[in-house]
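Structure first, commentary second.
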Amino acid sequence: MRIHNLYVDDKGISHFRDIEVEWGESTPSGQVSKRLPATGIIFRKVQPTYDLDWHPAPRRQYIINLDAGVEITAGDGEARVIGAGEVILVEDVTGQGHKSKAIAGKIRHCIFVPID
């Protein structure tokens, strides 16, 4: 299972990398990862016209898209579509940040899981 990760370098430029979930214990219902820290949960509904220029993330957090995707552009120019069912860990809380844009003209429901 891949998690997109948006991080910032020492020059304030954001970049993407991929993180693979490390599977641990096997249970009767499947494999599970170790427990990761989190400090809450936020539900969000995003309009299909969402188009946000350069901004840093408000906090380190996982974002889980439930039913639609978003296009995110990192400071280095790489753009990724984070689709429904995908997870991104945003950590670019300083520097230039990133751009975010709704795709396919759909309302997007997502979950934010802050980790700080």
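The values are calculated or read from the model by the stated rules, or taken from the named source; none is laboratory data. Since this is a predicted model, take the numbers as computed values, not measurements. Cβ atoms come from the backbone with ideal geometry, glycine included; neighbour counts cover every protein chain shown. All accessible areas refer to the heavy atoms of the entire protein, side chains included, with ligands and DNA or RNA removed. Shrake-Rupley method; radii C 1.70, N 1.55, O 1.52, S 1.80 Å.
Please pick out the residue among VAL8, VAL21 that is free of Cβ contacts under 8 Å to residues at least 60 places away in the same chain and under 28 Å from ALA68 (Cβ atoms).
Within the list VAL8, VAL21, the selection yields VAL21.
Here's the yes/no breakdown for (1) farther than 13 Å from GLU91 by Cα; (2) touching a strand residue (DSSP E or B) at 6+ places or on another chain (Cβ under 9 Å):
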{"site": "LEU6", "(1), (2)": "no, yes"}
{"site": "ASP9", "(1), (2)": "no, yes"}
{"site": "ILE13", "(1), (2)": "no, no"}
{"site": "PHE16", "(1), (2)": "no, yes"}
{"site": "TRP23", "(1), (2)": "yes, yes"}
{"site": "SER26", "(1), (2)": "yes, yes"}
{"site": "ARG35", "(1), (2)": "yes, no"}
{"site": "GLY40", "(1), (2)": "yes, yes"}
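Applying the selection to the range 72-105, what residues are open to solvent by 10 Å² or more (accessible area, probe 1.4 Å), touching a Gly at 6+ places or on another chain (Cβ under 8 Å) and part of a loop (DSSP other than H, G, I, E, B)?
GLY75, GLY83, ALA84, GLU86, THR94, GLY95, GLN96, ILE103, ALA104, listed by residue number.
Please verify whether GLY69 is at positive phi and either without any contact (Cβ under 8 Å) to a residue 12 or more places away in the chain or surrounded by 14 or more Cβ atoms within 10 Å (Cβ to Cβ) (or both), treating the condition exactly as stated. Give the derivation first.
Numbers: at positive phi: no; either without any contact (Cβ under 8 Å) to a residue 12 or more places away in the chain or surrounded by 14 or more Cβ atoms within 10 Å (Cβ to Cβ) (or both): yes.
No: the conditions fail for GLY69.
Among (1) basic (Lys, Arg); (2) loosely packed, with under 11 Cβ neighbours inside 10 Å; (3) in a loop (DSSP other than H, G, I, E, B), there is one condition ARG59 misses while meeting the rest; what is its number?
Answer for ARG59: the failing condition is (2).
Taking the range 54-68, which residues are more than 11 Å from the chain's Cα centre (by Cα) and among the small types (Gly, Ala, Ser)?
Answer for the range 54-68, where residues must be more than 11 Å from the chain's Cα centre (by Cα) and among the small types (Gly, Ala, Ser): just ALA68.
Quick one: which residue in ASP18, ASP51, ASP9 is closer than 21 Å to HIS109 by Cβ, of a type outside the set (S, T, N, Q) and at pLDDT 95 or above?
Working: ASP18 fails: closer than 21 Å to HIS109 by Cβ; ASP9 fails: closer than 21 Å to HIS109 by Cβ.
Answer to the check: ASP51.
Looking at the range 1-56, which of the residues that are among the aromatic types (Phe, Trp, Tyr) and surrounded by 10 or more Cβ atoms within 10 Å (Cβ to Cβ) is farthest from LYS101 (Cα to Cα)?
TRP23
Residue under question is ASP76, and the condition is that it be closer than 19 Å to GLY105 by Cβ and out of contact with any Lys or Arg (no Cβ under 6 Å at 6 or more places or on another chain); does it hold?
no
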